Amino acid sequence: MQLIDGKSLSKKVQDFVKSEVEVLKTEQGMVPGLAVVIVGDDPASHAYVSMKEKACKNVGFYSIAHKMPDTITQDEIIAIITMMNNNPHIHGILVQLPLPSHIDTNKILEVIDPKKDVDGFHAYNVGRMVSNLESFVACTPLGVMKMFEEYNIELEGKDVVVVGASNIVGKPMASLLLNKNATVTITHIYTKDLKQHTLNADIVIVGVGVPSLIKEDMVKEGAIVIDIGINRLDDGRLVGDVDFEKVSSKCSYITPVPGGVGPMTIAMLLQNTLISAQAFAQEKAELNEAD
Ligand code: NAD
């Protein structure tokens, strides 16, 4: 069994981003900028935003967090996003989810300029991703794809089961795998017999939010298991959706929690923001040439 080390791969990506930021600064006088919009006082969401701000600082980005009370109206959030869409120092905008129930999340995500949609949640980017066209891709599934690439894990023709079908994890994950010619099955809470699917899979990818959902008798010998889940147990421990102790001995590769997919998500956010800043710099250079 080989552990897929998300922590060190994340560091490698962040070091690369940092060096590219230096190039952008020197050659174009530009600093990539990320704006985060967070509504309410959910401690987990605030912890994620703090981690993102810290990561931005480490690679030399400019970052700004708009922290709003959950009494804010939808129109006020839209006004802030519109301001960030028009701010030339901002190249990436992300809205920390979940939003309070009085806010229409889809409406908010649709307001983000698709060129600054570094979370890849805008329908424009989702549509392009499904069509296998260049686009911003949701950071968590993109991080998993980066792991497959780094560990030379071939996807073509493989039977892959994705457990969990949310818009931000399972669905984009399945599309990316399909784009690589894997045979993909998507399962979810209404799937009749989960084990029947996972047991036949070469690769099982789970992002659900249920500790130990994937047990030893649900995966075949030599399977590759990717655990996206993040769950805080009552005793304070952080675990994924896989019974790691028992499942890992059957796997050829497995991701740990913590230290697996989680750090990759942040690395991909930084990478997407860098790509956005580079595209804006290129656009500016072309405009200057045309003048
Ligand atoms: P979600 O609640 O939006 O979706 C959960 C999905 O799991 C749904 O499709 C649901 O049908 C399915 N599901 C729930 N219970 C199930 C069961 N018993 N059997 C099969 N399917 C079941 O959640 P989400 O936002 O997609 O997040 C899922 C998990 O991934 C959470 O633990 C979250 O913390 C984690 N997550 C991790 C990262 C990361 O960076 N590692 C990023 C995003 C989310």
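The values are calculated or read from the model by the stated rules, or taken from the named source; none is laboratory data. In this text, all values refer to a predicted model and were calculated from it rather than measured experimentally. For neighbour counting, all protein chains shown are included, and Cβ atoms are generated from backbone atoms with ideal geometry for every residue, glycine included.
Taking the stretch 149-172, which residues are more than 7 Å from the ligand (Cβ to nearest atom), in contact (Cβ under 8 Å) with a residue 12 or more places away in the chain and either closer than 18 Å to residue 10 by Cβ or among the acidic types (Asp, Glu) (or both)? Listed by number, the residues that qualify are 150, 151, 153, 156, 159. Of everything listed in (1) touching a residue at least 40 places away in the same chain (Cβ under 8 Å); (2) buried (at least 18 other Cβ atoms within 10 Å of the Cβ), the single unmet condition for residue 58 is (2). Being within 14 Å of the ligand (Cβ to nearest atom) and among the aliphatic types (A, V, I, L, M) is the filter; apply it to the stretch 211-224 and report the residue that is surrounded by the most Cβ atoms within 10 Å (Cβ to Cβ). Result: 214. When we screen 49, 31 for residues that are within 26 Å of residue 109 (Cα to Cα), assigned to a loop (DSSP other than H, G, I, E, B) and not basic (Lys, Arg), the only hit is 31.
Across the stretch 154-165, what is the total count of residues that are surrounded by fewer than 17 Cβ atoms within 10 Å (Cβ to Cβ) and outside any strand (DSSP E or B)?
Start the filter on the stretch 154-165 by keeping residues that are surrounded by fewer than 17 Cβ atoms within 10 Å (Cβ to Cβ), which leaves 154, 156-157, 159.
Now narrow it down to the ones that are outside any strand (DSSP E or B): 154, 156-157.
Within the stretch 154-165, residues that are surrounded by fewer than 17 Cβ atoms within 10 Å (Cβ to Cβ) and outside any strand (DSSP E or B) number 3.
When the test is whether a residue is surrounded by fewer than 20 Cβ atoms within 10 Å (Cβ to Cβ), of a type in the set (D, E, K, R) and within 22 Å of residue 277 (Cβ to Cβ), residue 134 passes it.
Among the residues making up the stretch 176-210, those that are near the ligand (Cβ under 9 Å from one of its atoms) and either of a type in the set (Val, Ile, Thr) or in a loop (DSSP other than H, G, I, E, B) (or both) are 186, 187, 188, 189, 190, 191, 206, 207, 208, 209, 210. Scanning the stretch 233-257 for residues that are within 14 Å of the ligand (Cβ to nearest atom), in contact (Cβ under 8 Å) with a residue 60 or more places away in the chain and surrounded by fewer than 21 Cβ atoms within 10 Å (Cβ to Cβ) gives a single hit, 256. Quick one: is residue 6 over 16 Å from the mean Cα position of the chain (by Cα), surrounded by 13 or more Cβ atoms within 10 Å (Cβ to Cβ) and at pLDDT 95 or above? Answer is no for this residue.
Taking residue 97, is it in contact with a helix residue (DSSP H, G or I) (Cβ under 8 Å, 6 or more places away or on another chain) and closer than 26 Å to residue 12 by Cα? In short, no.
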